[in-house]
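What follows draws every value from the coordinates through simple rules; no lab data is involved. Just so we're clear, the structure is a prediction, and the values are computed from it rather than from any experiment. Methodologically, a virtual Cβ is constructed for each residue, glycine included, from the backbone with ideal geometry; neighbour enumeration extends over all protein chains shown.
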Amino acid sequence: MKRLAHNKSKCLQCAGCVGVCPKMALDMYGLDLQIDNEKCIKCGICTKACPVGALKITEGGDA
């Protein structure tokens, strides 16, 4: 099963991914990115918007 993985150590907290999500599955709470996995359709738009590659679509439990 695919999921969206977030690498917090790479993340710049720029919130660029939040604005591009067509399902509004991403949100910033302070400096913490929140992913709503029920809304996320794993389209990959946010992964392309991330300037440092902190987001990626993975299979199963891989991060």
| remark: Neighbours of Cys50 by Cβ distance under 9 Å: Lys/Arg at +1, Asp/Glu at -1, summed charge +3
| remark: The local net charge around Ile41, scoring Lys/Arg +1 and Asp/Glu -1 for residues other than Ile41 whose Cβ lies under 14 Å from its Cβ, equals +3
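If we count every other residue with Cβ under 13 angstrom of Met24's Cβ, Lys/Arg +1 and Asp/Glu -1, where does the sum land?
Every neighbour counted, the sum reads -1.
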| query | Relative contact order of the chain: what whole-number percent is it, with Cα pairs under 8 angstrom and at least 6 residues apart? | reply | 48
| remark: Taking placed amide H atoms and a strict 5 Å upper bound, the residues 5 or more places from Gly44 or on another chain that come that close are none
| said: Below 21 Å, Cα to Cα, which lysines can Lys8 reach? Residues fewer than 8 away in the same chain don't count. | reply: Lys39, Lys42, Lys48, Lys56
| field | Reach of Lys2 by Cα under 13 Å, taken over aspartates and glutamates that are not fewer than 8 positions away in the same chain | value | Glu38, Glu59, Asp62
| task | Subtract the Cα-Cα distance of Lys39 and Gln13 from 0.36 nm times their separation in residues, and report this length gain in nm to one decimal. | result | 7.3 nm
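Can you list, largest first and rounded to whole Å, the semi-axes you get for segment 1-44 by taking the square root of 5 times each eigenvalue of its Cα gyration tensor?
Working: eigenvalues 56, 29, 17 Å².
For segment 1-44, the semi-axes come out at 17, 12, 9 Å.
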